[in-house]
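Colleague: The structure is given below, and queries will be raised subsequently.
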Amino acid sequence: MPENPKDQLGPSPLPSEGPPEGRPRQRSDRSRPADKIKVSHDSAPDGQEAMPDRCHPYRLPDDVYVGDERPVLVTVRVKDGSPLLSGRAADAAIKVLLARAENAGIAVHACCAMLTHLHFVATVSGGAPLPSFMRSFKSGAAHAINRLGTLSERFSWQRSYYDTYADGDFGAHEQIKYVLGNPVEAGLCERWEDWPHTVLLSWPES
């Protein structure tokens with residue numbers, strides 16, 4: 001593996017081929033429990049949207065995720081799709097993501113903050129389960145962004161998020177290229193390196 005993870009990308013811009021249609025936008029099967037039980041979401045952690053009663057949990061218990069060490073692509077969206085994740089707000093979200101991942105023993109390989117959402121690819125290996133980490137990250141990032149005082153409205157995330165584990169059809173390297181290529185595909189820049197809120201840290205082993 002090259003010392004510089006950017007060496008594996010080749011020339012910019014990134015290839016246009018993305019993941020299979022719809023893959024990054026679909027929740028993991030882990031969020032679809034077979035047995036429905038009644039739960040309440042009348043209250044929510046700071047920075048997250050409260051949800052009404054549902055006939056099944058929004059997420060499976062944390063221990064369901066324990067032991068799965070495949071890289072995972074996660075997408076978390078700003079509430080109501082508001083374009084608030086820019087400038088200092090985007091920087092704050094990424095800073096909290098990387099700091100809390102390090103504290104939780106989670107390896108973040110790459111991340112990209114867009115105006116309405118944030119993507120990252122990470123490997124959870126012996127650290128905090130993904131749902132537990134996401135609660136910590138979303139709460140911490142929302143608090144940090146609101147503390148800046150630069151937005152005209154209160155920042156909060158959508159209640160849930162999307163996670164897609166690497167597999168043969170959409171492996172870890174394809175996940176990372178998809179994340180880094182987001183601003184290019186959106187027409188915001190010509191090269192992924194030119195987007196100020198993109199971070200590439202490492203390439204997981206294939």
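The values are calculated or read from the model by the stated rules, or taken from the named source; none is laboratory data. Computed from a predicted model, the values in this text were never measured in an experiment. No Cβ is skipped: glycine too gets one built from the backbone with ideal geometry, and neighbour counts run over all protein chains shown.
Colleague: Can you name the residue in segment 54-81 that is assigned to a helix (DSSP H, G or I) and surrounded by 14 or more Cβ atoms within 10 Å (Cβ to Cβ) and, of all such residues, is modelled with the highest pLDDT?
Modeller: Result: Lys79.
Colleague: May I pose another question? Might you check whether a residue that is over 15 Å from the mean Cα position of the chain (by Cα) and free of Cβ contacts under 8 Å to residues at least 24 places away in the same chain occurs anywhere in segment 161-174?
Modeller: Looking for residues that are over 15 Å from the mean Cα position of the chain (by Cα) and free of Cβ contacts under 8 Å to residues at least 24 places away in the same chain, one finds at least one in segment 161-174, hence yes.
Colleague: Could I ask something else about it? I'd like the full set of residues that are surrounded by fewer than 20 Cβ atoms within 10 Å (Cβ to Cβ) and either within 18 Å of Asn182 (Cα to Cα) or in contact with a Leu (Cβ under 6 Å, 6 or more places away or on another chain) (or both), limited to segment 112-144.
Modeller: Leu115, Thr116, His117
Colleague: While we're here: Is it the case that Asp167 is surrounded by fewer than 18 Cβ atoms within 10 Å (Cβ to Cβ) and at pLDDT 95 or above?
Modeller: Judged against the criteria, Asp167 is not a match.
Colleague: Within segment 145-155, does at least one residue satisfy the condition of being in contact with a helix residue (DSSP H, G or I) (Cβ under 8 Å, 6 or more places away or on another chain), modelled with pLDDT under 90 and crowded, with 20+ Cβ neighbours inside 10 Å?
Modeller: No, there is no match, as no residue in segment 145-155 is in contact with a helix residue (DSSP H, G or I) (Cβ under 8 Å, 6 or more places away or on another chain), modelled with pLDDT under 90 and crowded, with 20+ Cβ neighbours inside 10 Å.
Colleague: Right, here's the next one. So which strands (runs of 3 or more DSSP E) are wholly in segment 82-187 and hold at least 1 residues that are of a type in the set (D, E, K, R)?
Modeller: 162-165
Colleague: Ok, one more. Could you say whether any residue in segment 92-111 is surrounded by fewer than 16 Cβ atoms within 10 Å (Cβ to Cβ), closer than 18 Å to Ala144 by Cβ, over 16 Å from the mean Cα position of the chain (by Cα) and at pLDDT 95 or above?
Modeller: Among the residues of segment 92-111, not one is surrounded by fewer than 16 Cβ atoms within 10 Å (Cβ to Cβ), closer than 18 Å to Ala144 by Cβ, over 16 Å from the mean Cα position of the chain (by Cα) and at pLDDT 95 or above, which makes the answer no.
Colleague: Here's another thing I want to ask about it. What pairs come up if the first residue lies in segment 105-134 and is among the hydroxyl-bearing types (Ser, Thr, Tyr), the second is part of a strand (DSSP E or B), and their beta carbons are under 6 Å apart, counting only those six or more places apart or on different chains?
Modeller: If the second residue must be part of a strand (DSSP E or B), the pairs left are Thr116/Val78; Thr123/Ala107.
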